Amino acid sequence: MRDLHKSSVLGSKHGSLMSWRPQYRSSKFRNVYGKAASREHCFDGIPITKNVHDNHFCAVNARFLAIVTESAGGGSFLVIPLEQTGRIEPNYPKVCGHQGNVLDIKWNPFIENIIASCSEDTSVRIWEIPEGGLKRNMTEAVLELYGHSRRVGLVEWHPTTNNILFSAGYDYKVLIWNLDIGEPVKMIDCHTDVILCMSFNTDGSLLATTCKDKKLRVVEPRSGRVLQEASCKNHRVNRVVFLGSTKRLLTTGVSRWNTRQIALWDQEDLSMPLIEEEIDGLSGLLFPFYDADTHMLYLAGKGDGNIRYYEIGSEKPYLSYLMEFRSPAPQKGLGVMPKHGLDVSACEVFRFYKLITLKGLIEPISMIVPRRSETYQEDIYPMTPGTEPALTPDEWLSGVNRDPILMSLKEGYKKTSKIFKAPVREKKSVVVNGIDLLENVPPRTENEVGKGQEGTGHLLGAAWKATPLLVLPNRSAWAPPSPGTWSISL
């Protein structure tokens, strides 16, 4: 079996000794190493969910760590301030408003105390976490978004636009929510099976998806038009990630011999992958993570304890193996700290938060570039996407694309105090693109038979709590639209 990190033959046995040259590739990241946090800097005693859904069940930003937990009678997750390490008490307050298991959670990239969650109860909910964390159980969401007719498996925030959220459900649809008005404003309806993964390019003008129908797609999100599509016969795709602004995609999946495999694609031509490489024969899902600032790719297997990492190049062989962080404890999922939350004084370029279910433990793992100097290392910390949105929802929906607003990490992270204001009104029904989202519901999956959690008419629309929380900066007063059924045509 080929292994990605086996080096190529460096010389010919027929060549002269003088003509032999080692293929030495200079890289500032070739000595990057992983460092697991000491026990007192871990989060212990956490009842991590036993759900087998292939998500990370963890989200982290510069202030909070959120973990989906095992709970009876609905879904819940913990939100813990990052400085509150050590043992977490069994009665620690939870966010517990969902009626079904929570399947995904994601922090708002621009407002750091706002988190989105989605659930088997068909809803997407937006929560505002109080300063300093929860003091009691939180059951009231700022926004409850109903539009999917089946359970919702994925949520993703738009990378450059404030208050635009994408959700993917088991009804095979992707809904785009404008949280300024609390409505789904677009629907992507090109998938024929469950959507497994969503990834944006740098400016959020393209969305890549993998699907259970074994197809990789590149979609224009506002129109829902499929720009490129690959039927992956030899490489069953599971996860996809855009490689920054390189116009390339990387997918992880399974080969025809049931070995774990990665493939590199040109986003403008998905007819054939640029390269396919087998990794190993293990069965767990491979999670890819890409750091556009260092051009490093991390591969972490679900159920094993290793994290391999590579450097991505613009020319063949495209992928250069660097090293592997090894650990005996298997990971269920991994949260990733945004760049502005890293410790630049320690030359930390990436940080994982590893979920170890058997121990009820969340273990931070820092990826560090060894440097002797204690000064700021500009070469490994270029300007990076910051915490300011580049676009308003109306600008993005009108067709404007804009790169992220960049920030320097030199001055260290400064906590922002932005707030989010939810629209206050009651809605009972929603029609998107003139289509009733409950019509033509696809057949139930095996896991859903007998669960009785299918959406019904009263679940459509969005229900809001009249809590005067959340105020977007530089935003004029919002007037609610007239009541009644709301629709939009593309």
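Does region 112-122 hold any residues that are assigned to a loop (DSSP other than H, G, I, E, B) and either at positive phi or among the polar types (S, T, N, Q) (or both), and which are they? Hits for region 112-122 are Asn113, Thr122.
In region 237-275, what residues are touching a residue at least 40 places away in the same chain (Cβ under 8 Å), part of a strand (DSSP E or B), open to solvent by 10 Å² or more (accessible area, probe 1.4 Å) and among the β-branched types (Val, Ile, Thr)? Across region 237-275, the qualifying residues are Val241, Ile275.
Checked against the criterion of being of a type in the set (S, T, N, Q), surrounded by fewer than 18 Cβ atoms within 10 Å (Cβ to Cβ) and assigned to a loop (DSSP other than H, G, I, E, B), region 380-396 contains not a single residue that satisfies it. Residues of region 317-362 that are in a strand (DSSP E or B), β-branched (Val, Ile, Thr) and more than 15 Å from the chain's Cα centre (by Cα): Val349, Ile356, Ile362. Applying the criterion of being aromatic (Phe, Trp, Tyr) and closer than 25 Å to Thr357 by Cβ to the residues of region 276-305, the residue that is surrounded by the most Cβ atoms within 10 Å (Cβ to Cβ) is Phe287.
Each row is one residue, and each column tells you yes or no for (1) in contact with a Cys (Cβ under 9 Å, 6 or more places away or on another chain); (2) surrounded by 18 or more Cβ atoms within 10 Å (Cβ to Cβ); (3) free of Cβ contacts under 8 Å to residues at least 40 places away in the same chain.
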position: Ser314; (1), (2), (3): no, no, no
position: Tyr318; (1), (2), (3): no, yes, no
position: Leu322; (1), (2), (3): no, yes, no
position: Pro328; (1), (2), (3): no, no, yes
position: Gly335; (1), (2), (3): yes, yes, no
position: Lys339; (1), (2), (3): no, yes, no
position: Phe352; (1), (2), (3): no, yes, no
position: Thr357; (1), (2), (3): no, yes, no
position: Ser366; (1), (2), (3): no, yes, no
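Inside region 179-233, residues that are outside any strand (DSSP E or B), closer than 19 Å to Ser117 by Cα and open to solvent by less than 10 Å² (accessible area, probe 1.4 Å) make up a count of 3. Filtering region 75-96 to residues that are open to solvent by less than 10 Å² (accessible area, probe 1.4 Å) and farther than 26 Å from Arg351 by Cβ leaves only Gly75. From the residues in region 276-301 that are closer than 19 Å to Ser199 by Cα and in a loop (DSSP other than H, G, I, E, B), which one is modelled with the lowest pLDDT? Among them, the one singled out is Leu285. Applying a threshold of 7 Å to beta carbon distances and a minimum spacing of six or more residues, or different chains, the list of pairs starting in region 24-48 at a residue that is within 30 Å of Ser71 (Cα to Cα) and among the charged types (D, E, K, R) and ending at one that is open to solvent by 30 Å² or more (accessible area, probe 1.4 Å) and assigned to a strand (DSSP E or B) reads Asp44/Arg87. Taking first residues from region 149-169 that are at positive phi and partners that are crowded, with 24+ Cβ neighbours inside 10 Å and assigned to a loop (DSSP other than H, G, I, E, B), the Cβ contacts under 7 Å between residues at least 6 apart in sequence or on separate chains come to Asn163/Leu179. All of Glu156, Glu112 fail the test of being over 15 Å from Pro184 (Cβ atoms), under 16 Å from the mean Cα position of the chain (by Cα) and of a type in the set (Asp, Glu), apart from Glu112. Only one of (1) free of Cβ contacts under 8 Å to residues at least 40 places away in the same chain; (2) under 30 Å from Gly303 (Cα atoms); (3) open to solvent by less than 40 Å² (accessible area, probe 1.4 Å); (4) over 22 Å from the mean Cα position of the chain (by Cα) is not met by Gln377, so which one is it? Result: Gln377 fails condition (2) only. Here Glu144 meets the list (1) out of contact with any Lys or Arg (no Cβ under 6 Å at 6 or more places or on another chain); (2) open to solvent by 10 Å² or more (accessible area, probe 1.4 Å) almost entirely, failing just condition (1). When the criteria are applied in full, Asn91 meets the requirement of being modelled with pLDDT under 95 and farther than 15 Å from Lys354 by Cβ. Of the residues Glu112, Glu131, the single one that is of a type in the set (D, E, K, R) and in contact with a Ser or Thr (Cβ under 8 Å, 6 or more places away or on another chain) is Glu112.
Could you check, for region 7-15, whether at least one of its residues is closer than 27 Å to Met198 by Cβ, surrounded by fewer than 18 Cβ atoms within 10 Å (Cβ to Cβ) and either at pLDDT 95 or above or out of contact with any Leu (no Cβ under 6 Å at 6 or more places or on another chain) (or both)? Looking for residues that are closer than 27 Å to Met198 by Cβ, surrounded by fewer than 18 Cβ atoms within 10 Å (Cβ to Cβ) and either at pLDDT 95 or above or out of contact with any Leu (no Cβ under 6 Å at 6 or more places or on another chain) (or both), one finds none in region 7-15, hence no. Taken as a whole, the condition of being of a type in the set (Phe, Trp, Tyr) and either part of a strand (DSSP E or B) or under 22 Å from Ala66 (Cα atoms) (or both) does not apply to Tyr376. Can you confirm whether Gly153 is at pLDDT below 95, surrounded by fewer than 24 Cβ atoms within 10 Å (Cβ to Cβ) and not in a loop (DSSP other than H, G, I, E, B)? No: the conditions fail for Gly153. Condition first: closer than 24 Å to Asp394 by Cα and not in a loop (DSSP other than H, G, I, E, B). Can you find one or more residues in region 133-141 that meet it? Looking through region 133-141, none of the residues is closer than 24 Å to Asp394 by Cα and not in a loop (DSSP other than H, G, I, E, B).
The values are calculated or read from the model by the stated rules, or taken from the named source; none is laboratory data. Values in this document were obtained by computation on a predicted structure and should not be read as measured data. In this analysis, Cβ positions are derived from the backbone assuming ideal geometry, glycine residues included, and neighbour counts consider all displayed protein chains. Heads up: the accessible areas ignore ligands, DNA and RNA and are worked out on the full protein's heavy atoms, side chains in. Shrake-Rupley method; radii C 1.70, N 1.55, O 1.52, S 1.80 Å.
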